[in-house]
């Protein structure tokens, strides 16, 4: 898996701002994004951390509007990945124009 | 927990729905949802094979989901997200990795592993407070079922690929299942669920092969390849019979065939009582291919052409041209005898995958038949155009199903007039005097039959549904199927009321349910004064023979007496005794199922 040296890692707290919360369609968009990058995404709410490429795991976090989650991305392209992820959250998952 | 082949002799009793005796091998079709095989794997080789089988089922499922997505019409593409999310669920570590892990660690088969993983996910989702999110377990369930089906699809050949002649053993057979059956390889059907009028029964009767339904545990007790004796006249099923039993049934089989051929020789003659009353005997059909058999059995026309078959194919709705050429052919072959075409009766237990029908709690009382047609004018008009166009090629009559009140009749007729006008504008000819009738199969229609007579040319009493609605018996529910009683005094009185109102108004009244083809019912239906009986072709020779053996006067007396009886059992017992006296050679129990 991860080779020598220190692995790149990005961490950021993101806020869920769309009125429906982190429901299936939004979670699906996160998974679709995660599938585009090499790096691995983890989402944490309170003490619970889940695999960001698993739509079911994300759903089990159960995040209504206003929830803050901590995104952790581990891997070579973690920086660009975090940028797109931040944008996805900021755009309210493209749901509210 | 592996299902073991049970060689022990065993007998079961079910509901006989299509007569005849067959001796042959069982072919198990597992279409029920939860029944899966649990197996432990023995060695590493089996484990890796099982993982591969599981991955393969996932691949097939993903392809199916993609195909579904591609087939979605443009205007609903917005919903394709659901299919995307199903693909994600399919690949989700909570499902996929955990199931593979289980196969490898717990050494269990893929179906079992998947079920365990699903149950775990369900537990987690059940704890989620947000109802919307916890309900997403339904998507996980739907995906799991698709995978399961693909898993079993590998170990079980599909119905289309059956090679030797077998007896089909299933929990239930859907119209979709029967459309893909290789009919020439099927000796008969037996199912766990179903009643007199389930799709399996109708299908078996149309094909003239024996069937027993409502056996409750047939799929659990019978293994693939077991030798079976099925008596479609008594409802007996013998699993792995001994030699003596086989010989006994072979003799019975012979007797049955002998009587059948003796009445078949005179089946083309009219059904006329000794005192000169003629009742018209017609046939019910479900598809074009049956028409020749109908003629051979001596039918004087088609009293009910069920038109759902063309709508049940897997590829899209039929076009107007396809419908037209089908109706035209039936009309031409039967001419000069009439053909009554019933408009689409979809919904309920007949499900067309390409018409969006919501999952209903009570499909029999839901959006189906004329209700669906009035809500989907496009669908309805296409069929009406096809029927009208075919009307000049023979004697075509039109019939609307599931009428509950006058409003529906008026709306359906208005739609018919609109279509006629369209054809006029296009210069297309049709039979302007084509008779238009309705099915009387909802109790409310019986009650207002006097009002309805003023707006239609004929009634056809559909007893299958009428009994179901009047007695509140779900005819596919194996736990109450026994209460589905054609001889219930309420049913006899309802038929009587409809016939009387029809006579008062001078319109024809026909009866096209299963009762029409039940020889026990023949005397009372005759006594009631029905103009026409429409039944499965194979019943025609026997029913005609009974009509020839009883005078109208006697039949009337029989009815007057029977309608005074208190219970269905009393009616049945009376008729049975009566029949044995009247036609001694019919005394053989096997002609009177149940």
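The values are calculated or read from the model by the stated rules, or taken from the named source; none is laboratory data. Please read these numbers as outputs of a predicted model, since none were measured by experiment. Note: ideal-geometry Cβ built from the backbone for every residue, glycine included; neighbour counts use all protein chains shown.
Restricted to the stretch B:100-215, the set of helices (runs of 4 or more DSSP H) holding at least 2 residues that are within 27 Å of the chain's Cα centre (by Cα) and either within 14 Å of chain A (Cβ to nearest Cβ) or at pLDDT below 90 (or both) comprises B:137-155, B:175-179, B:199-207.
Residue B:302 - would you say it is surrounded by fewer than 19 Cβ atoms within 10 Å (Cβ to Cβ) and touching a residue at least 24 places away in the same chain (Cβ under 8 Å)? Here the answer is no, as residue B:302 does not meet what is asked.
Could you please give the count of residues in the stretch B:381-408 that are within 24 Å of residue B:466 (Cα to Cα) and surrounded by fewer than 22 Cβ atoms within 10 Å (Cβ to Cβ)?
Within the stretch B:381-408, residues that are within 24 Å of residue B:466 (Cα to Cα) and surrounded by fewer than 22 Cβ atoms within 10 Å (Cβ to Cβ) number 5.
Helices (runs of 4 or more DSSP H) fully within chain A that include at least 1 residues being more than 14 Å from every other protein chain (Cβ to nearest Cβ) and either at pLDDT 95 or above or touching a helix residue (DSSP H, G or I) at 6+ places or on another chain (Cβ under 6 Å) (or both): A:78-90. Per the listing B:276, B:232, B:303, the residue uniquely assigned by TED's automatic domain parsing to the domain that holds residue B:346 and touching a strand residue (DSSP E or B) at 6+ places or on another chain (Cβ under 8 Å) is B:303. Put simply, of B:429, B:438 the only residue that is surrounded by 14 or more Cβ atoms within 10 Å (Cβ to Cβ), under 29 Å from residue B:329 (Cβ atoms) and in the same structural domain as residue B:459 (by TED's automatic domain parsing) is B:438.
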